[in-house]
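A.B. asks: Below you'll find the structure I mean.
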Amino acid sequence: MNKEKLEFLNGKADDIRKLIIEMIGRLGVGHVGGSLSIVELLTVLYYDKARVNPSDPKDPDRDRIVLSKGHAGPALYSVLADKGYFPLEKIKTLNLPGTELPSHCDMNKTVGVDMTAGSLGQGLSCAVGMALAAKIDKKDYRVYAVIGDGESQEGQIWEAMMYAGNMKLDNLTIFLDNNKMQIDDYTDAINSIEPFDKKCEAFNLRSERVNGHDIAAISAAIDRAHKAKGVCTCIVLDTVKGHGVPFAESKGVGSHSFSISEAEWREFCNKEAD
């Protein structure tokens, strides 16, 4: 990746992080930590790797991006708003009555969302189905699925992994947001998923680990996944919950969902009172 592109993507990640904090801050409370930990990944996908077009969000040949860990919706909404899928002003309506931006992503409400995220664990199965459909229809679109580490305690994740490996879905790339925390505690304290990469390999997937906040590393890992033929790839992203926002990072496990004051979000976003 050249210097200019890297600077652009890092700048975009900063912009998205501020939109997340403003969005949740205006509401007053929300899923902060897990939204911030996937900012670099979504930035690489939407601004560099994925074939998407805000002017034609239902293009049948577009790449699909499935946010299985749907409580991180604010991160996805921020990217979609910045990309022009819907007016930026709509970020002020997060989770309000009648909103098009509900707490968990809903493909029937939000333009640009490829799959609804209800109960955790289900999104990956949907992504596997999309990738299989592309193979059957002889389409060249790719599917990217983002799963959480706490979510990966669900058995449905492993059923989907097993099938993706068996069907050799090389048009599917899975990303694990390995921020090592979930709503109640550290993931290892509740039910460890490690070694996740080795478990993926046992399910006949190709797997690798990268720093989930290193844009160049994420980009290179996606390139390697694209070149791997006849095998589905899972990229384990080692991340920090609440990354990039000091008052979120410092909360640790408590960053999953918490209140943000108006003073906090305005200071972080460098915004004066409306």
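A.B. asks: Equivalent ellipsoid semi-axes for the range 16-61, as square roots of 5 times the alpha carbon gyration tensor eigenvalues: give them largest first, rounded to whole Å.
C.D. replies: Gyration-tensor ellipsoid for the range 16-61: 25, 13, 8 Å.
A.B. asks: Sticking with this one: State in Å² the accessible area per residue of the chain; use a 1.4 Å probe, count heavy atoms of protein chains only, and round to the nearest integer.
C.D. replies: It amounts to 42 Å² per residue over the chain.
A.B. asks: I want the antiparallel fraction of DSSP beta bridges within the chain, as a percent rounded to 5. Display every interim value, and only then the final one.
C.D. replies: Numbers: 3 of 25 bridges.
Here the antiparallel bridges make up roughly 10 percent for the chain.
A.B. asks: Taking the mean number of other Cβ atoms within 10 Å as a proxy for protection, how do you rank 51-59, 18-26 from highest to lowest?
C.D. replies: Values: 51-59: 12.9, 18-26: 23.8.
Peptide ranking by packing, descending: 18-26, 51-59.
A.B. asks: Across every pair of different alpha-carbon atoms, what Kirkwood hydrodynamic radius in Å does the range 41-154 reach? Numbers along the way, then the final one.
C.D. replies: On the way: mean 1/r = 0.0694 Å⁻¹.
About 14.4 Å, per the Kirkwood formula over Cα pairs.
A.B. asks: Find the percent of Cα-Cα distances in the range 96-148 that exceed 12 Å, and round it to a whole number.
C.D. replies: 67 percent
A.B. asks: Continuing with the same structure: Checking the a/c ratio against 1.5 first, then a/b against b/c, what shape does the Cα gyration tensor give for the range 172-214?
C.D. replies: On the way: a/c = 2.50, a/b = 1.44, b/c = 1.73.
Taking the square roots of the gyration eigenvalues as a ≥ b ≥ c, the range 172-214 is oblate.
A.B. asks: Hydropathy at least -0.5 by Kyte-Doolittle, axial extent at least 27 angstrom from the Cα trace: which helices of the chain, defined as entire DSSP H runs, fit?
C.D. replies: On the way: long enough: 3-27 (36 Å, -0.27).
Those that clear 27 Å and a mean of -0.5 are 3-27.
A.B. asks: Which cysteines does the chain leave without a neighbouring Cys Cβ under 4.7 Å?
C.D. replies: If one checks each Cβ against the other cysteines of the chain, C105, C126, C232, C269 turn up with nothing under 4.7 Å.
A.B. asks: Using the Karplus curve 6.51 cos²θ - 1.76 cosθ + 1.60 with θ = phi - 60°, what ³J(HN,Hα) values do you get for each residue of the range 92-109, in whole Hz, with x for Gly and Pro?
C.D. replies: Result, ordered by residue: 6, 9, 3, 6, 8, x, x, 5, 9, 10, x, 3, 9, 4, 9, 5, 8, 10 Hz.
A.B. asks: Let me ask something additional. Direction-averaged shadow area of the convex hull around the Cα atoms of the range 107-265, nm²?
C.D. replies: Averaging across all directions leaves 10.6 nm² for the Cα convex hull.
A.B. asks: Still on this structure, I have one more. Compute the projected area of the convex hull of the Cα atoms of the chain, averaged over all viewing directions, and report it in nm² to one decimal place.
C.D. replies: Details: hull surface 54.6 nm².
For the chain, averaging the hull's shadow over all directions gives 13.7 nm².
A.B. asks: For the range 173-274, just say rounded, prolate or oblate: build the C-alpha gyration tensor, square-root its eigenvalues into a ≥ b ≥ c, call rounded for a/c under 1.5, and beyond that prolate if a/b exceeds b/c, oblate if not.
C.D. replies: Since a/c reaches 1.5 but b/c is at least a/b, the shape of the range 173-274 is classed as oblate.
A.B. asks: Where a Cα-Cα gap under 13 Å defines reach, which aspartates and glutamates qualify for K198, not counting those fewer than 8 residues away within the same chain?
C.D. replies: E208
A.B. asks: Which of rounded, prolate or oblate describes the range 1-92 when judged by the alpha-carbon gyration tensor and an a/c cut-off of 1.5? Don't skip to the end; give the middle numbers.
C.D. replies: On the way: a/c = 1.64, a/b = 1.24, b/c = 1.33.
In terms of gyration-tensor shape, oblate.
A.B. asks: Still on this structure: For the range 35-78, what % of the accessible area comes from carbon and sulfur atoms, probe 1.4 Å?
C.D. replies: Ligands and nucleic acids excluded, carbon and sulfur reach 43 percent.
A.B. asks: Another question, if that's okay. Tell me the Rg and the Dmax, in Å, that the Cα atoms of the range 106-190 produce.
C.D. replies: Values for the range 106-190 (Cα only, Rg and Dmax): 13.9, 44 Å.
A.B. asks: Could you run the Karplus curve 6.51 cos²θ - 1.76 cosθ + 1.60 with θ = phi - 60° over the range 180-193 and give me ³J(HN,Hα) per residue in whole Hz, x for Gly and Pro?
C.D. replies: 6, 9, 9, 4, 9, 5, 5, 4, 4, 6, 8, 6, 4, 9
A.B. asks: Another question, then. Over the C-alpha atoms of the range 139-178, what are the Rg and the largest Cα-to-Cα span, Dmax, in Å?
C.D. replies: That works out to 10.8, 32 Å for Rg and Dmax.
A.B. asks: Oh, and also: Collect residues whose amide H, placed 1.01 Å from N in the peptide plane, falls under 5 Å from the amide H of F258; neighbours closer than 5 in sequence don't count.
C.D. replies: Those lying under 5 Å, H to H, from F258 are G30, V32.
A.B. asks: List, in order, the whole-Hz ³J(HN,Hα) value for each residue of the range 238-250 obtained from phi through the Karplus relation with A = 6.51, B = -1.76, C = 1.60 and θ = phi - 60°; use x for Gly and Pro.
C.D. replies: These are the phi-based 3J(HN,Hα) values: 6, 10, 10, 5, x, 3, x, 10, x, 6, 8, 4, 5 Hz.
The values are calculated or read from the model by the stated rules, or taken from the named source; none is laboratory data. Bear in mind that the values here come from a model prediction, so they are computed numbers and not experimental data. Every residue, glycine as well, gets a Cβ built from its backbone with ideal geometry; the counts of neighbours run over all protein chains shown. All accessible areas refer to the heavy atoms of the entire protein, side chains included, with ligands and DNA or RNA removed. Shrake-Rupley method; radii C 1.70, N 1.55, O 1.52, S 1.80 Å.
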